[in-house]
Amino acid sequence: MPCLVPRPDVSLRNVSRGIPRIVLKRIVALLLAGVLATVACAGWLAWFAAQPLALRASPLEVTVAPGSSARSAARQIAAAGVPMQPWQFELLARALGQDGGFKAGTYLLESGITPRGLLDKLVRGEVALTEIVFVEGWTFRQMRAALAAHAHLKHETTEASATEVMARLGADGIAPEGRFFPDTYRFARGTSDLEVLRMAYRAMQGRLEAAWAARAEGLPLASPDEALILASIVEKETGRAEDRALIAAVFVNRLRAGIRLQSDPTVIYGIGERFDGNLRRRDLERDAPYNTYTRAGLPPTPIAMPGLASLQAVLNPAASDALYFVARGDGSSEFSRTLQEHNRAVTKYQRGGR
């Protein structure tokens, strides 16, 4: 049998009977005041969230430090020149439940942005991006100079040696030359220069592995590293893109035949910063590790950053039996199968027919 419990009469009328009228009026007034205050606050927040901010400059750069709370981020934003009280922005963030997810970084604010738009930007992490370009044929020294001159990078490797840089990239014992892929890299302002180098290093690893996997059969190259070295030479020797695969074929044919590469760029690289722009006969005759006139085979390391086209040309060279080439003076090259043909081409294009 169900248990029946008498239900107390808790109607407002019954309750009010035991409360003095003046007290009841005050309670109702307080409740109404609370409701009105809540409505007014919500209305003000909606108005504030939608008002364009009168920035002191456009674009305006604002940086939010890692680990910033809503209060701390609001103070940093106001200090950067955003015209609002920190408590206002903090209140908006808390009201929308977005006070715990700000992404650290540097943001660029444009005229017309509202507090709500700014809040969304911080939550999504739409940080300001910048870029750097590494050019095909650059040396590691030129790369580092570009990194050092970049205004929006965090410079962590400026004073480090090349050996130390490679160790910090997890490539201890590997020479840095040619190990970074030439490309345009986009990144958030304040990114470490080491991180940019890491992106370029991994990009080259990926491109080299893919090109090596798709290589032609029977190449006189024992490893991807040897392909990288030869590609760097082709990169420096190529004056016109259309000649790249033929230039690669000349060097591949020479390696097969055991003929020295005789590449001027390798000699110039070996001379280093002492090179004055004039390659002399004594430079070609002086034995050195990078002198491919005096030493057979490949030099010990790449001499520059090869692009993807040079990697692919070396690993899939043109079908040609040429062993020589000479610059025509217009960026293109003349290719020859025999020394006699080559000497005639040299006389025509390098000695003015004499």
Check: Which residues, counting only those in the range 82-95, are assigned to a loop (DSSP other than H, G, I, E, B) and either over 16 Å from Ala65 (Cβ atoms) or open to solvent by 70 Å² or more (accessible area, probe 1.4 Å) (or both)?
Finding: Pro83, Met84, Gln85
Notebook entry, point to check: Among the residues of the range 181-204, is there at least one that is part of a helix (DSSP H, G or I), in contact with a Gly (Cβ under 8 Å, 6 or more places away or on another chain), farther than 15 Å from Ala304 by Cβ and open to solvent by less than 30 Å² (accessible area, probe 1.4 Å)?
Noted result: no
Next item on the list: Determine which member of the set Leu219, Leu208, Leu230 is in contact with a helix residue (DSSP H, G or I) (Cβ under 8 Å, 6 or more places away or on another chain), touching a residue at least 24 places away in the same chain (Cβ under 8 Å) and under 22 Å from Gly170 (Cβ atoms).
Entry: Leu208
Check: Restricting attention to the range 250-290, which residues are on the phi > 0 side of the Ramachandran plot and touching a residue at least 12 places away in the same chain (Cβ under 8 Å)?
Finding: Gly258, Gln262
Check: Considering Gly81, Gly105, Gly100, which residue is out of contact with any helix residue (DSSP H, G or I) (no Cβ under 6 Å at 6 or more places or on another chain), in contact (Cβ under 8 Å) with a residue 12 or more places away in the chain and over 15 Å from Leu60 (Cβ atoms)?
Finding: Gly100
Notebook entry, point to check: Among the residues of the range 96-146, which ones are open to solvent by less than 40 Å² (accessible area, probe 1.4 Å), in a loop (DSSP other than H, G, I, E, B) and among the small types (Gly, Ala, Ser)?
Noted result: Gly101, Gly125, Ala128, Gly137
Notebook entry, point to check: Can you tell me which residue in the range 306-332 is least open to solvent (accessible area, probe 1.4 Å), limited to those that are of a type in the set (Ser, Thr, Tyr) and at pLDDT 95 or above?
Noted result: Ser310
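The values are calculated or read from the model by the stated rules, or taken from the named source; none is laboratory data. The structure displayed is predicted, hence computed values, not measured ones. Please note: Cβ atoms are built from the backbone with ideal geometry, for glycine as well, and neighbour counts cover all protein chains shown. Ligands, DNA and RNA are excluded from the accessible area calculation, which covers all protein heavy atoms including side chains. Shrake-Rupley method; radii C 1.70, N 1.55, O 1.52, S 1.80 Å.
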